[in-house]
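Below is one structure; the comments refer to it alone.
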Amino acid sequence: MGVTRRRWLKSLGAASATLAAGQLFEKTSAAQQTPSEQQPVPEFTGPGANPYWNSVGQYATYPQKAPLILLTDRPVELETPRHYFLSTFTPNEAFFVRWHLQTIPNAVDLKEWRLHVEGNVERPLTLSFPELVSRFKSVSVAAVDQCSGNSRSRLQPRVPGGQWGNGAMGNAAWTGVRLREILDAAGVKSGSVQVQFEGLDRGLGPKGYGSNRFMKSLDLMNPVIDECVVAYAMNDEPLPMLNGFPMRLVVPGYFATYWLKSLSSIRVLDAPDDNFWMKTAYRIPDTPRGSTTPEDMKSGKVATVPITRMPVRSFLISPDGSTKIPAGFPLRLRGIAFSGYGGIKKVEVSEDNCATWIEARLGPNAGDYSFRTWFMEWTPKTAGRYELAVRATDAKGNVQPDEAVWNPGGYSWNKIERHEIVVGEAS
Ligand SMILES: Nc1nc2c(c(=O)[nH]1)N[C@H]1C(S)=C(S)[C@@H](COP(=O)(O)O)O[C@H]1N2
Ligand SMILES: [Mo]
């Protein structure tokens, strides 16, 4: 990606000035907006698959953002509407938003901002923005940022937490510097086990849990460390404040919980991180697909492990079921697929409830951890309601299953999606 450093430094100087606008989020929570700024999501009452990604909620407009589906405003949780997923890259203004703590950064003055590299290192570093950009080589990676709880609203029985439809995901080209180079510059001391990431947000998490900080850690022995990027650009632009300006961690293939936003510290640890966000939150049962039952959970015998990579998923995006299509009309089905296990090998469509499958064609490959677009010509011959199922197979041979997952966090959903299309009589 041709992002030159000079261009970056220049455009970010301008960005920091615009963004130093002050207490934006404290003052414009969605609840305080005038009614004209909020549009209700049309209610879906019919049977079958829901053409909207969420049938409840309303659109809300936040700084630097297009109208997005509002899940909660404290903390801010905004979902991306379905039609944005027609392309490989999700526009920054439409990219979903998820924070956990009460106070999130409204503005960052790049003159003041520093990234601290500390803990069990030979040479602790305090890097300014220009130092970071000029000292290390710039790299780009296309990678999907997906919340562990994406599609949580599908779980039966219901679990607490943001009731996301399918829009707590997005794909961007992330440009920044390699985490490995930063660690090497600081010199990781022997006896180190993990590296911990911390951002600028503050406050307690749900039910008052946590330590006033959102912190996540990765094992230093984990090969993903070499793929991590400390990103200062998203789709060739500065990151929106809500998506982690001025820099965030990108962990390709991994669920978003590790993708620390508004990064302020990288801390090398000589003992495993047991803070709330590692020890208690964002864990899944140590079972196939991280799935269990409420009964087994109650027994207290289900061991858990931190969530890691994203299982393979695919979606039909267009047509979205909201328009009646005449019989005999040649359609192009279009959608996306991705996997945290590296690349999409195959996408298939079924119109007979998964009995038989037709292989779709894949769009250009933007990288192993990116959305991959797919398309298929399809002409519905007769009028009626069609239910199209879509499933993907990844490079490791993992195929999307038709079984639901259940765990108390509502994580890691990847059941085959069914999408309804209504076909009318040709006139
Ligand atoms: N500093 C900070 N980084 C964070 C979080 C947070 O609460 N604070 N939440 C994580 C989780 S769980 C998700 S899903 C993603 C959301 O990223 P986005 O808001 O850019 O979509 O940010 C991750 N990084
Ligand atoms: Mo998340």
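The values are calculated or read from the model by the stated rules, or taken from the named source; none is laboratory data. Just so you know, these numbers come straight off a predicted model, no measurement behind them. Cβ sites come from the backbone with ideal geometry, for glycine too, and all protein chains shown count toward neighbours. Please note that ligands, DNA and RNA were not included when accessible areas were found on the heavy atoms of the full protein model with its side chains. Shrake-Rupley method; radii C 1.70, N 1.55, O 1.52, S 1.80 Å.
Structural remarks
- Potential extension, L220-T126 segment - 0.36 nm per residue separation minus Cα distance: 31.8 nm
- Centroid-to-centroid separation of the range 200-221 and the range 119-172 [C-alpha atoms, Å]: 14
- Pairs exceeding 20 Å between alpha-carbon atoms, taken from K207/K301; K216/K396; K216/K415; K65/K261: K207/K301; K216/K396; K216/K415.
- The Kirkwood radius of the range 323-377, taken over pairs of alpha-carbon atoms, gives through the Stokes-Einstein law at 37 °C and 0.692 mPa s a diffusion coefficient of 261 µm² s⁻¹.
- Extension gain (nm, one decimal) between V193 and T72, 0.36 nm per residue minus Cα-Cα: 40.0 nm
- Placing a label point 7 Å from the Cα of K381 along the Cα-to-Cβ direction, the residues of the range 317-337 whose backbone N falls under 19 Å of that point are 325-333.
- Our estimate of slack between T293 and S134, defined as 0.36 nm per intervening residue step minus the Cα-Cα distance, is 52.2 nm.
- Dividing the C-alpha radius of gyration of the range 64-137 by 2.2 N^0.38 Å, with N its residue count, gives 1.53.
- Whole-angstrom Cα spans of the range 117-157 along principal axes, big to small: 50, 27, 14
- Candidates G409, G191, G342: whichever shows maximal mean-square fluctuation once the chain is modelled as a Gaussian network with Cα springs under 10 Å: G191
- Angle in degrees between helix 5-19 and the longest Cα principal axis of the chain, rounded to the nearest 10: 80
- Efficiency of FRET from Cβ geometry, R418 and K396, R₀ 30 Å, rounded to 0.05: 0.75
- Diffusion constant of the range 313-424 at 25 °C, which comes from Stokes-Einstein with the Kirkwood Cα-pair radius and 0.890 mPa s, µm²/s: 168
- Calculated accessible area for the chain comes out at 43 Å² per residue, all protein chains present (probe 1.4 Å; ligands, DNA, RNA ignored).
- Stokes-Einstein diffusion for the range 170-299, with the hydrodynamic radius set to the Kirkwood value over Cα pairs and evaluated at 20 °C in a medium of 1.002 mPa s, equals 134 µm²/s.
- Averaging the Cα positions of each part gives two centres, and for the range 401-427 and the range 73-111 these lie 25 Å apart.
- Accessible area of the chain belonging to carbon and sulfur atoms, whole % at 1.4 Å probe: 52
- The helix-based estimate of mean residue ellipticity at 222 nm for the chain, built from -39,500 (n - 2.57) per DSSP H run of four or more residues and divided by its residue count, is -2500 deg cm²/dmol to the nearest 500.
- The convex hull drawn around the Cα atoms of the range 227-382, when projected onto a plane and averaged over every direction, covers 14.0 nm².
- What the Cα convex hull of the chain gives, in volume per residue, is 152 Å³.
- Inter-site label distance for V305 and L331 at 7 Å from Cα along Cβ, in nm: 4.0
- Residue with peak Gaussian network fluctuation, the chain [Cα springs, cutoff 10 Å], from T304, T61, T257: T304
- Charge sum, other residues only, whose C-beta stays under 13 Å from G342's C-beta, Lys/Arg counted +1 and Asp/Glu -1: +1
- GNM flexibility winner over the chain from T292, T88, T393 (Cα, springs under 10 Å): T292
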